[in-house]
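The structure appears below as structure tokens.
The values are calculated or read from the model by the stated rules, or taken from the named source; none is laboratory data. Here the structure is a predicted model, which is why all the values come from computation and not from measurement. Note that we place each Cβ from the backbone using ideal geometry, even for glycine, and neighbour counts take in every protein chain shown. All accessible areas refer to the heavy atoms of the entire protein, side chains included, with ligands and DNA or RNA removed. Shrake-Rupley method; radii C 1.70, N 1.55, O 1.52, S 1.80 Å.
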Amino acid sequence: MSKVVYYYDSEIGTYQYTLLHPMRPHRMKMTDTMLRAYGILDKMTVLNASKCSDIKVDLTAFHTDDYVDFLKNVTPENCNTFSDQLQRFNIGDDCPVFDGLYDFCVLCARGSLVGASWLNHGEADIAINWSGGLHHSKKSEASGFCYINDIVLGILELLKQFPRVLYVDIDIHHGDGVEEAFYTSNRVMTCSLHKYGEYFPGTGALGDIGIDRGKYYAVNVPLNDGIDDESYSAIFQPVINGIMENFKPSVVVVQCGADSISGDRLGCFNLSVRGHSACVEYIKTVSYTHL
């Protein structure tokens, strides 16, 4: 049986982007409540900040110093004094300044770093961070509700132990921030299945395959509106099989954005919850270590 660790910090549900913003951290608290109600947490090792205080969160392992300093210092009260930085770091409607912004970023990153550390030390086979998956953030820029890229930070940690990391993204949006971070690397293969064509972030064409040493280490699967479980699986499984056979990853990182599920207010796919989760289940059948 796989050893599963689950990271959750109860503070996550106290943050709010803006009143009408579609990104609602409170949903993570709702998810945790549901997991507890169903007794699922009894089958996992549950971690939180107090149990993992030895794990250092260094956002500058990926992000630039000036961007991290900005996140530390900007507040809703003083943001008018940061007008130049607001524009430079792409802060606005999608990524607003809100109370506790920096602490929220650290909290999200900590979960992925804790999970990576447990995998590195062989203490877990699977690590889950529901506050993670912030795949749009760039090195010095917020994007698409994402201020820091916990995925990149987690992968950088995994690379200290594992020679090859596969990143699989089943969010409806292209995993542009992660792809860009490793676009020249042959140690990280990125695979994103996403809506393409007049849709945020507008990247992830079939011909985007990486450059330099990273050429052929980026896999993009652009999709149209309305794809269902059967069609998605018919694409997903052979793509993953080919990657596993040729890249032979040591560890797999999966971003499971639920906006690819039918009915999402920002999405346009027709996946069921069962079809979405089947992707994760399939990866489990062909690999043993996951974040």
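Take the alpha carbon gyration tensor of segment 91-201, find the square roots of its eigenvalues, order them as a ≥ b ≥ c, and report rounded if a/c is under 1.5; if not, report prolate when a/b exceeds b/c, else oblate. Cα axes put segment 91-201 in the oblate bin. If each Cα of segment 198-291 is one equal point scatterer, what is log10 of I(q)/I(0) from the Debye formula at q = 0.10, 0.11, 0.15, 0.23 Å⁻¹? Here log10 of I(q) over I(0) equals -0.30, -0.36, -0.68, -1.40.
Rolling a 1.4 Å probe over the protein heavy atoms of segment 1-139, with every protein chain left in place, gives an accessible area that is 50 percent carbon and sulfur. If the segment from T75 to S277 were pulled out straight at 0.36 nm per residue, it would be longer than the present Cα-Cα gap by 68.9 nm.
Assuming R0 = 30 Å, can you tell me the calculated FRET efficiency for the pair R24 and K284, based on Cβ-Cβ distance, to the nearest 0.05? According to the calculation, E is roughly 0.60. Amide H to amide H distances under 5 Å link C191 with Y167, V168, D169, V219, where only residues 5 or more positions off or on other chains count and H is placed in the peptide plane. Between M34 and E198, the modelled labels are 3.2 nm apart [label points 7 Å from Cα along Cα→Cβ]. For segment 70-77, putting each phi into the Karplus relation 6.51 cos²θ - 1.76 cosθ + 1.60 with θ = phi - 60° gives couplings of 4, 4, 5, 9, 6, 9, x, 6 Hz, in residue order, rounded to whole numbers and with x for Gly and Pro. For A127, the amide hydrogen comes within under 5 Å of the amide hydrogens of V5, H290, L291, counting only partners 5 or more places away or on other chains and with H modelled in the peptide plane.
Enclosing the Cα atoms of segment 40-93 in their convex hull gives a volume equal to 167 cubic angstrom per residue. Starting from one equal scatterer on each C-alpha and no solvent at all, send me the Debye-based log10 I(q)/I(0) for the chain at q = 0.12, 0.14, 0.15 Å⁻¹, two decimals. Here the Debye-derived log intensity ratios amount to -0.76, -1.07, -1.25. Across segment 32-38, computed HN-Hα scalar couplings (Karplus, 6.51 cos²θ - 1.76 cosθ + 1.60, θ = phi - 60°) run 4, 4, 5, 4, 5, 4, 8 Hz from first to last residue, x flagging Gly and Pro.
Pull out a ≥ b ≥ c, the square roots of the eigenvalues of the alpha-carbon gyration tensor of segment 137-219, then state rounded if a/c is under 1.5, prolate if not and a/b is larger than b/c, and oblate in the remaining case.
Verdict is oblate for segment 137-219.
Here, segment 1-156 is characterised by an Rg to Rh ratio of 0.99, where Rg is the alpha-carbon radius of gyration and Rh the Kirkwood radius.
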